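Report on the structure given below.
The values are calculated or read from the model by the stated rules, or taken from the named source; none is laboratory data. No experiment lies behind these values; they were computed from the predicted model shown. Here the Cβ positions follow ideal geometry from the backbone for every residue, glycine too, while neighbour counts run over all protein chains shown.
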Amino acid sequence: MSNWKLKIQSRDKWAWPYTIFLICLVVLPLVLIGVYAFTDSTGEFTLLNFASFFTKSTAINTFIYSIGIALITTIICLLLGYPAAYIMAMADFKTPHVIAMLFILPMWINFLLRTIATVELFGMFGLPLGEGALIFGMVYDFLPFMIYPIYNTLQKMDTNLIEAAHDLGANRIQVFTKVTLPLSMPGIYSGIIMVFMPTVSTFAIAELLTHNKIPLFGSLIQRSFGEGGIAMWNYGAALSLIMLVIIGLTSFFGGDKEDINR
Amino acid sequence: MKKTRTTKLETRSLWERIGAQSYLWLLLIVLYAPILLIIIFSFTQSKVFGNWEGFTFGLYQNLFTGYDATANVQVDPNLYRAILYTIVIAFSSAIISTMLGTLAAIGIYYMRPRGRKTLTFLNSVPMINPDILTGISLFLLFVFLGISRGLGTVIAAHVVFCTPYVVLSVLPRLSKMDPNIYEAALDLGATPFQALRKVMMPELWPGMISGFLLSLTLSIDDFGVTFFTKGSNGLETLSTFIYADARKGGLTPELRPLFSLIFLTILVLLIIMNIRTNRQQQKQK
């Protein structure tokens, strides 16, 4: 018995390399963001990095604007993606997985190149680049991330429940609002997180789709690490920490984290 | 199975079904329009994306010969270096992630609940973190430790965001595995390493493969993390190459045939895989 226990115990040690790896390359770097955010370029403690963010109206405006754009993108993705996922899950296609694959396939083309192609497409139809193009491009880039988790939950759903609801006299709208929708909430949560997180943090897509005219919060962060030397790093770290808080809050309220990865 | 199907769309009217299907196809058309554009314009030799200058395979020829015969110039050699680096980085990080992640998954599976919870949480952090934060935090780490950025740091960074997916693809295989076979192997005199290789690996293989493929995909598609960890020694992957290119204004025309080919390859692979699974399903029936 003790021998058996020993073997079991020895196997949990197999996770040690990864644990050390995670501490060095995930935990420590995130702690460093905090350290840089609360210090100046000489390493002294300061709150100036945050002060300069909260007093700069352009920075604050960009921040609010980015969150707004991310929210709009997420909502549009949900409104477009849910019906698509629903149809795919419920339809009697001979090969539902092929359709699901078709929605994922575009992701194999580098997203920057796809974004550039979208810019071209706008040019061909004579549409101006700007806010509209930005939202369209982001929806275009992240729609599959909304469809897939919702499709997955809907597909695993027990269809007998729908049948039961019908048998018990619920009409179709009632069946949807009382059975299907509540049961697909985990998928909706994952979809929202998977779309909101990248849209709120992107910088390259915004640059390409607006010809650098509309900076997003991500662009602010990127710029403070690109130019200006070390003095800007601390400011950039403060901005990163703010974003980290938003991401943390979103995933916390987004509920079941394990669902994101299915 | 047949019975549940009747509660689905079949009970709906014909018009509803047509409406539902056309909605899907409309979405797909919009989704594929830019890709189609890339493929179409890979068959013309214009420098500017969007100008049609007659049908030709010229760009494909340029891509493979590395020489633009009509303009008498070399195709940007950085493009080929970017392709090479993308492949090297993707395979190294996928291999490392698969090994690290598989070992970690086994460890996590046999851990006490508390350690297991902590590690699962830590494992989910790189997945939740947006690429810009992963990139910047690692950038600060490398600067802080005085590590010069280059190929090594990019691979390490890619391992960071790939390994969690390997862990999550291997874990379900472990719960399906008979827990006694590893002990049986040890009792029969195998060393832990032999037991891992000969007994556990065959069971975990499918999870490892899907983790590996996912890692490859994530690594090839990554931009944000690479951007902050690549340093300024001229190391570029395809993503950062395209970004730098687009910022300069002109996109290297040979990117169009390159991505058309990548897209078609993936498409063909998916079709083959689909046919194979269909056949297997039919055999099972």
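Values as computed for the structure displayed
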| read-out | value |
| --- | --- |
| From the options B:Val160, B:Val154, B:Val143, residue that is within 16 Å of the chain's Cα centre (by Cα) and within 10 Å of another protein chain (Cβ to nearest Cβ) | B:Val160 |
| A:Tyr189, sole failed condition from (1) buried (at least 19 other Cβ atoms within 10 Å of the Cβ); (2) more than 8 Å from chain B (Cβ to nearest Cβ); (3) at pLDDT below 85 | (3) |
| Top-ranked residue in the stretch B:26-57 [being more than 29 Å from A:Phe142 (Cβ to Cβ) and either assigned to a helix (DSSP H, G or I) or among the hydrophobic types (A, V, I, L, M, F, W, C) (or both); ranked as modelled with the lowest pLDDT] | B:Trp52 |
| Selected residue (only one of A:Ile99, A:Ile150, A:Ile76, A:Ile109 is out of contact with any Phe, Trp or Tyr (no Cβ under 8 Å at 6 or more places or on another chain) and on the phi < 0 side of the Ramachandran plot) | A:Ile76 |
| Selection within the stretch B:68-97 - assigned to a helix (DSSP H, G or I) and either over 25 Å from the mean Cα position of the chain (by Cα) or among the polar types (S, T, N, Q) (or both) | B:Asn78, B:Thr86, B:Ser92, B:Ser93, B:Ser97 |
| Residue in the stretch B:40-59 that is farthest from the other protein chains (Cβ to nearest Cβ), counting only those that are buried (at least 19 other Cβ atoms within 10 Å of the Cβ) and touching a residue at least 40 places away in the same chain (Cβ under 8 Å) | B:Gln45 |
| The stretch A:108-144, residues that are among the acidic types (Asp, Glu), under 20 Å from the mean Cα position of the chain (by Cα) and either facing chain B (nearest Cβ under 7 Å) or surrounded by fewer than 18 Cβ atoms within 10 Å (Cβ to Cβ) (or both) | A:Glu131 |
| Hits in the stretch B:232-280 - residues which are more than 11 Å from chain A (Cβ to nearest Cβ) and crowded, with 17+ Cβ neighbours inside 10 Å | B:Leu235, B:Glu236, B:Pro253, B:Glu254, B:Pro257 |
| Some residue of the stretch B:98-114 being without any contact (Cβ under 8 Å) to a residue 12 or more places away in the chain, closer than 30 Å to B:Leu204 by Cβ, assigned to a loop (DSSP other than H, G, I, E, B) and of a type in the set (D, E, K, R) | yes |
| Filter result for A:Phe63 (over 24 Å from B:Val30 (Cβ atoms), in contact (Cβ under 8 Å) with a residue 60 or more places away in the chain and of a type outside the set (Lys, Arg)) | yes |
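Okay, residues lined up against (1) among the aliphatic types (A, V, I, L, M); (2) at pLDDT below 85:
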site	(1), (2)
A:Leu47	yes, no
A:Thr62	no, no
A:Tyr65	no, no
A:Ile76	yes, no
A:Met90	yes, yes
A:Phe93	no, yes
A:His97	no, yes
A:Asn110	no, yes
A:Phe125	no, yes
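Rundown of residues vs (1) in a helix (DSSP H, G or I); (2) touching a residue at least 24 places away in the same chain (Cβ under 8 Å), yes/no style:
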{"position": "A:Pro106", "(1), (2)": "yes, yes"}
{"position": "A:Leu113", "(1), (2)": "yes, no"}
{"position": "A:Ile116", "(1), (2)": "yes, yes"}
{"position": "A:Val119", "(1), (2)": "yes, yes"}
{"position": "A:Leu127", "(1), (2)": "no, no"}
{"position": "A:Ile135", "(1), (2)": "yes, yes"}
{"position": "A:Tyr140", "(1), (2)": "yes, yes"}
{"position": "A:Pro149", "(1), (2)": "yes, yes"}
{"position": "A:Gln155", "(1), (2)": "yes, yes"}
